[in-house]
1. Looking at the stretch 91-108 only, could you name the residues that are at pLDDT below 85 and out of contact with any Pro (no Cβ under 6 Å at 6 or more places or on another chain)?
2. Considering the stretch 27-85 alone, what residues qualify as being within 30 Å of ALA263 (Cα to Cα) and small (Gly, Ala, Ser)?
3. Identify all residues within the stretch 230-288 that are open to solvent by less than 20 Å² (accessible area, probe 1.4 Å), hydroxyl-bearing (Ser, Thr, Tyr) and part of a strand (DSSP E or B); write none if there are none.
4. Among the listed residues ARG205, ARG228, which satisfies the condition of being out of contact with any Gly (no Cβ under 7 Å at 6 or more places or on another chain) and modelled with pLDDT under 75?
5. Considering only the stretch 153-167, how many residues are surrounded by 14 or more Cβ atoms within 10 Å (Cβ to Cβ) and polar (S, T, N, Q)?
6. Quick check on my filter: what residues within the stretch 104-148 are of a type in the set (S, T, N, Q) and assigned to a loop (DSSP other than H, G, I, E, B)?
7. Of all residues in the stretch 132-152, count the ones that are farther than 20 Å from GLY98 by Cβ and either free of Cβ contacts under 8 Å to residues at least 40 places away in the same chain or open to solvent by less than 50 Å² (accessible area, probe 1.4 Å) (or both).
8. Take LEU44 and decide whether it is within 17 Å of PRO146 (Cα to Cα) and in a helix (DSSP H, G or I).
Amino acid sequence: MRRPFSPLTLRGRTFLAAGLTAIACAVVLGQPALSRVGVLVASLPLLALLLARRRVPDLQVSRDVQPRTLRAGESARIGLTIAAGSGRAPGALLVEDGVPYALGDRPRLVLQGLGQRWERSVDYPVRADLRGQYAVGPLVVRMGDPFGLVERRRAVPGVATLVVTPRVVPLSAIPAAGGWQGTGEHRAQAFAAGSTEDASVREYRRGDDLRRVHWRSSARVGELMVRREEEPWEAHAHVLLDNRAHVHRGQGAGSSLETAVVAAASVITHLASQGYSVRLSTAEGTVALNAEEALQRLAVLQLVPHALLQPAHRGDAPRGGVVVAILGQLADADAPALRRLRHEAAAALAMVLDVAQWSATGRSDGAAAAAAPLLDAG
C-alpha cells in the first residue's frame with residue numbers, strides 16, 4: 001500500500017487522510033453532505049497522483065565541464081543541458097544536479113511552462129579546495145502538481161568527472177651541482193653549476209672502472225672523478241613521495257600526507273617548468289612517468305599499508321639526474337631504498353616532515369619540514 005502512494009507529499013497525505021476521515025464520520029453520523037465533501041477532498045490527491053504517473057517526460061542530460069582538470073582553490077564551470085523528447089510535464093520541474101559537497105552547494109533550477117519537446121541550458125560554477133576526483137551527477141528531477149499534492153523524483157543517468165590536483169606553491173631554484181649528464185639544446189638550468197667539463201664527470205663510486213678516472217678534475221676537486229658514460233642527454237628528475245600509513249600523522253586536509261602531497265606537486269611543477277622530464281614514485285613503486293600524469297595521480301593518492309619503501313620497480317630506477325624525496329617518519333629499515341636512490345642519482349635532495357607536530361585531530365601546530373642533501377646510508 002505504501003508504494004502506490006509514496007509520491008504523495010505531506011500535503012497530499014493530509015488531504016487524503018482528511019477526506020477518508022470525513023467519509024467515515026459521515027457514515028457514522030449519517031450526514032450525506034459531509035460524505036460528498038470527504039469524497040471531493042480525498043479524490044484531489046488521487047487525481048493528482050494519476051496525472052503525475054501518466055505525464056512523465058523522457059529526459060536527456062548532457063554536461064560540459066571546463067576545465068576538466070584544475071588545481072585546488074580554482075574554479076570550474078559546468079554547463080548543463082536538459083532536453084525532453086516526449087511526455088509533457090504535469091507542472092513545474094525542480095531539477096537538482098548531483099554535485100559533491102566538496103565542490104559547493106548543489107544547483108537547483110525550476111522549469112515551468114514546458115511543452116511536448118523542450119530544451120533548457122544553464123551553467124553554474126564549482127570550486128574545489130580539496131584534491132580528488134569528483135563525479136558530478138546524476139541529475140535528480142522532482143515533478144509535482146500545481147497544488148503541491150504529489151512529488152515524484154527521478155534520477156536521470158549520466159555523470160561527468162572533475163579532477164582536482166593538489167595546490168602548488170611557487171619554488172625558487174635550488175643549486176645542486178652534478179645533477180646533469182650529457183649535452184643537448186634543451187639543457188635545463190635550475191640545478192646546473194660548473195663548467196661544461198664538470199658536467200661530463202661525476203664522483204667516483206665503488207665498482208667504477210679506474211680507466212674512466214678524469215685526473216684533471218680529480219686534482220681540482222680533491223677527490224676521484226670519473227667520466228660519465230656517453231649517452232643522449234636528458235634532463236630527468238625523480239620525485240619520491242612516501243605515502244605509507246605508519247609514517248604520517250593527522251587526518252583529512254590537515255594531515256601530514258596532505259602537506260607531503262602539496263610539496264610533491266610543487267616540486268614536480270617546478271621541475272617540469274625548468275625543462276625536466278619528471279617521474280613520480282610512491283611507497284609501492286613507480287606510478288607516473290611524466291609531470292601531467294604525476295599530478296593526476298597525486299589528485300587521488302591515498303595512504304597505503306606498506307611496511308617498506310619500494311620507490312621504483314626492478315630495472316626501472318632512474319640513473320643520473322635529480323632525485324627529490326619527500327619523506328615522513330623514517331626508520332633504519334628505509335636506508336636500503338634511500339641508499340639505492342642516492343647511488344643512482346647525480347644530485348639528491350630530501351624533504352623530511354616533522355610528523356610529530358601533527359596532532360591526532362589532523363591539525364598541525366607549527367609543522368616543520370627540512371630540505372637537505374640525501375645522505376648515503378652507509
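The values are calculated or read from the model by the stated rules, or taken from the named source; none is laboratory data. Quick caveat, the model's predicted, so the values are computed rather than measured. Positions of Cβ are generated from backbone atoms using ideal geometry, with glycine treated the same way; all protein chains shown enter the neighbour counts. Just so you know, the surface numbers come from the protein's heavy atoms only, side chains and all, with ligands and any DNA or RNA stripped out. Shrake-Rupley method; radii C 1.70, N 1.55, O 1.52, S 1.80 Å.
1. Applying the first criterion (at pLDDT below 85) to the stretch 91-108 yields 91-94.
Within the stretch 91-108, ALA92, LEU93, LEU94 qualify.
2. Our first condition is that a residue be within 30 Å of ALA263 (Cα to Cα); within the stretch 27-85, this holds for 65-78.
Correct list: ALA72, GLY73, SER75, ALA76.
3. SER281, THR282
4. Values: ARG205 fails: modelled with pLDDT under 75.
On inspection, the qualifying residue turns out to be ARG228.
5. Selection size over the stretch 153-167: 1.
6. We begin by selecting, within the stretch 104-148, every residue of a type in the set (S, T, N, Q); these are 112, 116, 121, 133.
If the condition is that a residue be of a type in the set (S, T, N, Q) and assigned to a loop (DSSP other than H, G, I, E, B), then GLN112, GLN116 are the ones that fit.
7. Narrowing the stretch 132-152 to residues farther than 20 Å from GLY98 by Cβ: 145-150.
Next cut, either free of Cβ contacts under 8 Å to residues at least 40 places away in the same chain or open to solvent by less than 50 Å² (accessible area, probe 1.4 Å) (or both) only: 145, 148-150.
The total comes to 4.
8. Details: within 17 Å of PRO146 (Cα to Cα): yes; in a helix (DSSP H, G or I): yes.
When the stated conditions are applied, LEU44 passes them.
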